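Undergrad: Below is one structure. I have some questions about it.
Nothing in this text is a laboratory measurement; each read-out follows from the coordinates by a stated rule. What you see is a predicted model, and the numbers here were worked out from it, not measured in a lab. Cβ sites come from the backbone with ideal geometry, for glycine too, and all protein chains shown count toward neighbours.
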Amino acid sequence: MGLRTQPFENEDEFQYFTLFRDKTALEISPYFKTQTWRKLVLQAASLPSIRHAAIAIGALDKVSTLLLQRSSLPADGEKSDPDFHHHFAVQQYSRAINRMKGDATAGNQDLRTTLITSLVIIWFESYHGNRKLAQAQIQNALRMIRAWKESFRDSEVEAPLGFSSPQPGVVEHDLVRIFG
């Protein structure tokens with residue numbers, strides 16, 4: 001395996017992550033400042049939990065692409081089977097969730113990482129068609145943001161009105177606004 005694939009366990013992970021980075025991330029965030037947004041998520045993908053979630057979302061994008069092309073292209077073995085990519089997506093998502101739970105339980109996850117984690121869960125669940133789970137995750141993220149902002153009520157730091165960050169050095173305005 002080459003140097004460029006080192007954080008990945010195999011070529012499939014690398015290819016799905018590349019698809020997420022180059023295509024999917026741009027398509028699922030059309031309402032945000034694309035470069036800011038892309039930089040935020042791709043930097044966070046250095047964490048295994050978020051990287052596995054990004055790989056899972058890239059694999060779901062591959063499923064979608066194959067299903068759209070299915071009627072016009074002849075089958076080309078396992079890699080053209082949407083079920084193969086869907087199975088891979090679910091495996092990666094399961095790994096991501098397990099890592100996220102472990103990090104959160106161990107106290108190894110700050111609010112910024114937790115919000116980015118929430119975001120990738122929302123994307124996966126939405127892409128996968130689980131709107132209720134995505135909506136529940138949005139509500140959880142909003143509760144975390146409100147509680148965090150509330151913690152500044154009695155301090156000298158003034159939490160701005162609306163969806164902006166009271167401490168942009170801890171959690172960027174753009175990340176807070178994504179949930180607004």
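Undergrad: Which lysines does residue 39 reach when only Cα atoms under 26 Å apart count, and residues fewer than 8 places away in its own chain are ignored?
TA: Hits, sequence-local ones excluded: 23, 62, 101, 149.
Undergrad: Quick one: Debye curve from the alpha-carbon atoms of the range 9-178 only, equal weights, vacuum; give me log10 I(q)/I(0) at q = 0.16, 0.17, 0.18, 0.20 Å⁻¹ to two decimals.
TA: -0.95, -1.05, -1.16, -1.37
Undergrad: For 132, 23, what ranking results if the residue with the fewest other Cβ atoms within 10 Å of its Cβ goes first?
TA: Sorted ascending by nearby Cβ count, the order is 132, 23.
Undergrad: By counting other Cβ atoms within 10 Å of each Cβ, how are 26, 66 ranked from fewest to most?
TA: 26, 66
Undergrad: So for 57, 138, fewest C-beta neighbours within 10 Å to most, what's the order?
TA: Ascending number of Cβ neighbours within 10 Å: 138, 57.
Undergrad: Tell me, what HN-Hα J-couplings in whole Hz come from the Karplus equation 6.51 cos²θ - 1.76 cosθ + 1.60 at θ = phi - 60° for each residue of the range 105-120, using x for Gly and Pro?
TA: After applying 6.51 cos²θ - 1.76 cosθ + 1.60, I find 5, 7, x, 9, 10, 7, 4, 4, 5, 4, 5, 5, 4, 4, 4, 5 Hz.
Undergrad: State the extension gain, in nm to one decimal, for the chain segment bounded by residue 38 and residue 90, taking 0.36 nm per residue of separation less the distance between their alpha-carbons.
TA: Contour length minus the Cα-Cα distance gives 16.4 nm.
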